[in-house]
Amino acid sequence: MADNKKVKETPSDKPKKKGPPPMPMRGLAISFLMMAIFLTVLHLFSNSSKKTTDLNYTDFLTKIKAGRIAKVDIANDGAGNHFVTGESMDLNESGTTQFRTEIILTEKLMEMLEENGVQVSIKRPKTMLISVLANIVPFILIFGIIYFVFIRQMKNAGRGAMSFGKSRAKLMTRDKNKITFKDVAGVDEAKEELLEIVEFLKNPKQFQKLGGKMPKGVLLSGAPGTGKTLLAKAVAGEADGPFFTISGSDFVEMFVGIGASRVRDMFEQGKKNAPCIIFIDEIDAVGRSRFSGIGGGHDEREQTLNALLVEMDGFDSQEGIIIVAATNRPDVLDPALLRPGRFDRQVVVDLPTLEGREQILKIHSRNVRLSDKVELKKSARGTPGFSGADLANLVNEAALLAARRGADFVEQEDMEEARDKVMWGRERRSHVLDPEEKKLTAYHEAGHTIAMYHTPECEPIHKVTIIPRGRALGATMSLPEKDRYTQSKKRLEADLVSLMGGRAAEELIFSDVTTGAHNDIERATLVARAMVCEYGMSKLLGPQNLGSHSQPIFLGQGLSGSHEHSEETAQKIDQEVQRIITESYDTCMKILVENKEKLVILSELLLEREVLNFEDVDSIMKTGELPEKKAEKIQVSETETPAEPAPAEENNEPDNEPASS
């Protein structure tokens with residue numbers, strides 16, 4: 001097909017290389033003036049105040065006989081002629097005068113010099129080349145010094161001023177970038193999209209034989225840390241063609257028009273190396289919407305954006321350049337940038353799933369000495385909502401914890417402690433609570449635990465602790481069994497019941513409430529209001545959206561008309577939110593009243609041990625005792641009656657029997 005043939009560029013079409021800009025005439029004049037001054041000063045210092053006079057041969061002999069010459073230098077000019085230089089004393093002996101005379105070197109002259117005590121030194125003859133070099137080399141050295149000190153600085157200054165409009169895109173090669181798609185996990189769909197681009201660079205005819213065209217642009221969007229830049233590095237490592245990388249902030253400069261000039265220069269470099277890939281990281285720095293809604297626009301950024309729009313798909317756009325961009329704010333980008341023909345594909349790099357988290361943990365633990373007992377799948381289960389960067393940080397923290405305690409391998413306990421540290425912060429054992437606050441915290445967390453245990457829709461309990469961690473004095477942690485992408489009404493109501501556990505336990509035991517439930521109440525209010533206003537889970541108001549408060553203000557949204565309903569509807573919303581929270585609180589209080597004895601037992605054991613896992617909580621809720629105490633009772637009964645089989649006497653014990661501590 002004729003379309004597949006590559007059109008050859010004529011010499012006139014090729015962009016001409018720009019040389020260094022000419023040096024200003026003013027700078028050139030200043031440099032020559034300084035060189036002239038320097039040479040004049042050098043000449044003045046090289047010649048003494050005593051002038052050299054020409055002396056005839058007769059006067060020279062007279063001065064020798066009079067004893068007015070003490071030292072002479074006899075030299076040969078290389079052509080057979082001899083001349084003498086020296087100093088002669090004046091008649092009144094007040095000073096000396098330098099002289100020079102041409103002589104005929106004879107034995108009689110040498111004897112006369114010796115008889116009058118004149119010190120004679122013979123100099124080697126100078127050739128023509130030495131004479132020329134002796135006169136020229138100093139000037140060359142002087143001009144060279146002036147050139148490197150002054151002229152080169154002026155040229156560099158001129159080049160620097162002209163280089164503001166040059167693109168700062170860096171050309172990446174496979175030798176410099178060792179990251180490939182094998183080092184990326186958890187984003188299989190995004191890898192497939194980008195793998196097509198790599199294959200297009202390697203074999204473009206495969207995609208063009210049916211008349212198809214590769215997309216001009218691919219936009220990678222997703223939460224921070226999900227691996228957008230890592231995917232771009234993998235593309236650079238896999239691609240055989242040129243790969244340019246630049247940041248969105250590199251287009252922004254203090255001078256007007258520089259950003260647009262850099263965009264044009266970047267695409268000019270791409271055309272010279274086509275087919276190629278240009279990666280723009282954090283493109284929202286220059287691709288924001290041209291209508292901000294507040295305070296007008298930004299002319300410089302709009303010029304840069306307009307230049308980018310024209311270069312990607314304008315009147316003189318060229319094939320062979322693929323733009324890959326990354327951002328975690330796709331909602332603020334200009335619609336003209338996202339239309340087909342510019343960014344044809346928008347790839348969402350989402351948070352990894354359970355299997356993806358396990359694969360990411362395997363990649364990051366390649367160079368970490370893990371114990372055979374470490375279960376990465378268990379660690380993946382306990383990290384819902386973690387991004388790839390969070391998981392990399394988790395593995396690194398686990399290795400540091402193991403090294404801190406002097407272990408040879410990273411154990412499962414190190415992985416769990418690292419997970420808790422990343423999610424909730426480091427344990428603050430130095431934050432000592434007084435007995436009153438510690439007891440209050442124990443009952444608060446025990447209330448959460450019992451409410452979660454008796455609400456089947458809640459996630460399984462992982463562990464409960466009263467050790468301060470981060471800004472929290474205690475925590476009840478859950479371990480999801482799987483990833484969830486939707487939430488049912490029953491599950492949301494169950495979460496509200498569990499959130500009310502701490503406040504209900506305080507009121508039930510101490511007949512008073514504290515500020516410790518501040519975060520629980522805040523989260524419960526947000527969930528209840530979302531159920532009424534956004535999810536349509538209220539029977540009174542029905543399935544309708546009554547306004548969201550998460551819209552970006554800088555886009556002109558959410559300023560006027562954020563409440564698109566009447567005052568009567570607003571009162572109904574408040575009533576429904578209050579009803580949902582009150583019903584959840586009453587349900588939680590009912591559960592705690594029915595399990596008050598278990599609440600006391602669990603709180604006392606928390607005060608004693610500070611940390612209880614799910615097995616401990618499950619045993620306390622079923623038998624009122626810890627698992628090891630049950631094992632001790634069974635062992636004692638076997639010792640007392642070894643002939644009889646060990647009966648399950650603990651099953652006959654009442655469930656409400658308190659455990660001894």
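Structure values in brief
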item	result
Residue-by-residue Karplus 3J(HN,Hα) for the range 585-601, coefficients 6.51, -1.76, 1.60, Hz, glycine and proline x	5, 5, 4, 5, 4, 4, 5, 6, 5, 5, 10, 5, 5, 5, 4, 5, 4
Potential extension, F409-L540 segment - 0.36 nm per residue separation minus Cα distance	41.3 nm
Top positive-direction residue, dipole computed over the range 324-444 with Cβ charges, set L433, G341, L354	G341
Those chymotrypsin sites (Phe, Trp or Tyr not before Pro) in the range 471-551 that DSSP places in a loop and that have at most 11 other beta carbons within 10 Å	Y485
Positive-pole candidate from S498, T486, L473, dipole of the range 462-510, charges at beta carbon	T486
Using a Förster distance of 41 Å, the FRET efficiency for K362-V611 (Cβ separation, nearest 0.05)	0.90
Within the range 203-259, trypsin sites (Lys or Arg not before Pro) in DSSP loop having at most 16 other beta-carbon neighbours inside 10 Å	K209, K213
Cut-off under 5 Å, modelled amide H: who pairs with V349 long-range	S221, G222
Accessible area of M110 in the full protein assembly, 1.4 Å probe (Å², nearest 10)	70
Residues with amide H under 5 Å from that of F279, placed H, sequence gap 5 or more	F244, T245, I246, V324
Flagged links, alpha-carbon separation over 24 Å, of K191/K213; K439/K598; K490/K572; K362/K489; K438/K490; K191/K362	K362/K489; K438/K490
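The values are calculated or read from the model by the stated rules, or taken from the named source; none is laboratory data. Note that the coordinates shown come from a computational prediction; the quantities given were computed from them, not determined experimentally. Because the Cβ atoms are built from the backbone with ideal geometry, glycine has one as well, and the counts that use them run over all protein chains shown. Accessible surface areas use protein heavy atoms only, side chains included; no ligands, DNA or RNA. Shrake-Rupley method; radii C 1.70, N 1.55, O 1.52, S 1.80 Å.
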